[in-house]
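Visitor: Below you will find the structure I want to go over with you.
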Amino acid sequence: MNKDDKIQSIAIIGGGTSGWSTAALLGAILKDSGVKITLIESSDIPTIGVGEATIPPIFEFLRNIGADEVEFIRQCQATFKLAILFKNWVRQGQQYWHPFGNLGITINQRPFHHYWWKNKTHGHDENFADFCPAIALAEDNKFAFPSPDGNWPGGAVAYAMHFDAGLVAKFLRDHSQKAGVIHHDAKVERSKVRDGEWIDGLILNNGDELTADLYIDCTGFRGLLIEEALQSGYVDWSNWLPCDRAVAVQSEPHETRTPYTIATAKEAGWQWRIPLQNRIGNGYVYSSTFTDDDRAAQSLLDGLDSPKLAEPRFLKFTAGYRKSGWIGNCIAIGLSAGFLEPLESTSIHLIHTGLNRLLDYFPDKNFDPALRRAYNAEIEAEYSHIRDFLLLHYYPNQRHGEPFWDAMRHNKLPDSLAHKMELFAQSGRISSRRKELFSDMSWFYVAAGMEITPKYIDPLADIAPFDEVCNIMGQMKGAMAAYRHAAPTHDAILNMLIDPNEKRRPNFGVGAGWSGR
């Protein structure tokens, strides 16, 4: 490659979690490369700031940008997250867990969930907490880092975080500026577009013109560059995911900070509860076809378990993604690229996968069309995969006589999900592909939680003598009981981490434990 063809300047338009995540990662990867990175955001434009629950890869992102995880937890009011508790999704009063980490152990090279189903058919009543350490800890409001030896049950723990999105943006901004990212507080008034797909410059409200080789659109739902300037178009999935509104409100914290998110099904959607160190984040995601804003806000307030700290805020959105997330020399990241309701805490993760994908296909100034095609194809595949997983939470519901839930149950499913559900309902097997976000275990937890029971059990599960399998399960239950009894509380771990006099640091990766880092 001619050195003159290399990207020498990058302009990030928009701040918030998306913009400053982009700045932090590119600032770390391109450090000492000579590439100039500039972020433009206007302090007059508010950010969304409600994406406050994550999934385990968040720690990989923090490692990749070179951040101190403990300082992140302290500065961003973070708590740990072991699982999501789903309430009332099948029917009123029913609930189930979607945890992080493993269920049981592999027996005779077969996944444990096949033996779980066989055990059920023999009348046994063990629950998932007997075999899943994340659920066991969550039920007790406890927390533990994965054991250094990797053995079950301690080695099967996985976890993520809840945090204050506004504080996260500030943390990432400070981190990025230390890495050399330039920050301008300004508003883009106009984009200079050539041939419908190339941005030649941005005119700012102070009269300056900003030019760059690569432009990254982090302007949220508006899509200032990717949509308003380059007219990408949008793939609308509201026929499958009709929730198009959210109302959010903060409330006072409880004395006990729970290590899990709660998603409670409601009349026209669902309500989230996300516990932070200093407050609780709450919101109601709903369909405007089946309720109105005033009714939704009142439903949210009625569902709070602590006094509100502010007035409710409303958001509007459409489920789907940009037809082209990369056009010419512009790439959309975060909400600019698309939106799927935050039922499984994927919004921030989609920012990070978009950035990882950008690194995989990082261009030179020629912007080879093959790179763009590969990038855009992966966006479609990723969003479709998550869409299907979200629909799995809705479609099998038994909330008969409720208009929203009746509509979701009678919806025509994408073929990709219909085939997956048929395979599971017949045999308990799950078809997944490499690099897909949600593994077989996630599909199992939600399908089982929504009370889809396989018609047949994997015949290979019959090879191991069942009395020996039952003996193994009994031993696992005993080990789990001892493990959850010995584990510290979630609050104890948090208090240790946020203690300014505490010098020990945990290893947040596999084989975790306390070290002198």
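Visitor: For region 245-316, compute Rh as the Kirkwood radius over C-alpha pairs and then the Stokes-Einstein diffusion coefficient at 25 °C and 0.890 mPa s; write the answer in µm²/s, rounded to an integer.
Guide: It comes out at roughly 202 µm²/s.
Visitor: For a label point 7 Å from the Cα of residue 460 along Cα→C-beta, name the residues of region 80-123 whose backbone N is under 17 Å from it.
Guide: 105-118
Visitor: In Å³ and rounded to a whole number, note down the convex hull volume per residue for the Cα atoms of region 8-124.
Guide: So the per-residue hull volume is 208 Å³.
Visitor: Hey, another quick one. Let me have the relative contact order for region 263-367, percent, based on Cα pairs under 8 Å that are six or more residues apart.
Guide: Relative contact order of region 263-367: 15 percent.
Visitor: Here is a follow-up. Mind checking the dipole of region 469-508: about its Cα centre, +1 per Lys or Arg Cβ, -1 per Asp or Glu Cβ, Debye to the nearest 20?
Guide: 160 debye
Visitor: Counting only DSSP beta bridges with both residues in the chain, what percent are antiparallel, rounded to the nearest 5?
Guide: 70 percent
Visitor: Among 243, 191, 133, flag the residue with its Cα farthest along the positive direction of the charge dipole of the chain, charges on Cβ as +1 for Lys/Arg and -1 for Asp/Glu.
Guide: Of 243, 191, 133, it is 133.
Visitor: Per residue of region 168-185, in order, report the coupling 6.51 cos²θ - 1.76 cosθ + 1.60 (Karplus, θ = phi - 60°) as ³J(HN,Hα) in whole Hz, putting x for Gly and Pro.
Guide: 4, 4, 5, 4, 5, 4, 4, 4, 5, 5, 5, 7, x, 5, 8, 10, 10, 8
Visitor: At 0.36 nm per residue, minus the direct Cα-Cα distance, what do residue 31 and residue 289 gain on full extension? Give it in nm, one decimal, please.
Guide: 88.0 nm
Visitor: Sticking with this structure for a sec: Each residue of region 465-480 in order: what ³J(HN,Hα) in whole Hz does its phi give by Karplus 6.51 cos²θ - 1.76 cosθ + 1.60, θ = phi - 60°, with x for Gly and Pro?
Guide: x, 5, 5, 6, 4, 5, 5, 4, 4, x, 5, 5, 4, x, 5, 5
Visitor: Continuing with this model, one more query. In debye, nearest 20, what is the charge dipole magnitude of the chain about its Cα centre with +1 on Lys and Arg Cβ and -1 on Asp and Glu Cβ, if you could check?
Guide: My answer is approximately 480 debye.
Visitor: Quick one: if you take sqrt(5λ) for each eigenvalue of the C-alpha gyration tensor of the chain, what semi-axes come out, biggest first, whole angstrom?
Guide: 39, 26, 24
Visitor: So how much slack lies between residue 453 and residue 416, counting 0.36 nm per residue of separation and subtracting their Cα-Cα distance, in nm?
Guide: Stretched fully, the residue 453-residue 416 segment lengthens by 11.4 nm.
Visitor: Apply the Karplus curve 6.51 cos²θ - 1.76 cosθ + 1.60, θ = phi - 60°, to the phi angles in region 252-262 and return the couplings in whole Hz, x for Gly and Pro.
Guide: Values per residue, Gly and Pro as x: 5, x, 8, 4, 9, 9, 6, x, 7, 8, 10 Hz.
Visitor: Here is a further query. Relative to the present Cα-Cα distance, how much length would full extension add between residue 149 and residue 194 at 0.36 nm per residue of separation?
Guide: Contour length minus Cα-Cα distance gives 10.4 nm.
Visitor: At R0 = 35 Å, how high is the FRET efficiency between residue 425 and residue 315 if r is their beta carbon distance? Nearest 0.05 is fine.
Guide: The formula returns an efficiency of 0.50 here.
Visitor: Now for a different question. Within region 373-465, report the trypsin sites (Lys or Arg not before Pro) that DSSP leaves as loop and that have at most 12 other Cβ atoms within 10 Å.
Guide: Here the sparse-neighbourhood loop sites are 412, 433, 434, 435, 455.
Visitor: Below 8 Å between Cα atoms, with a sequence gap of 6+, how large is the relative contact order for the chain in percent?
Guide: 21 percent.
Each reported figure results from applying straightforward, stated rules to the coordinates on display, with no laboratory input. This is a predicted model, so every value here is computed, not measured. Glycine also receives a Cβ, built like all others from the backbone with ideal geometry; neighbour counts cover every protein chain displayed.
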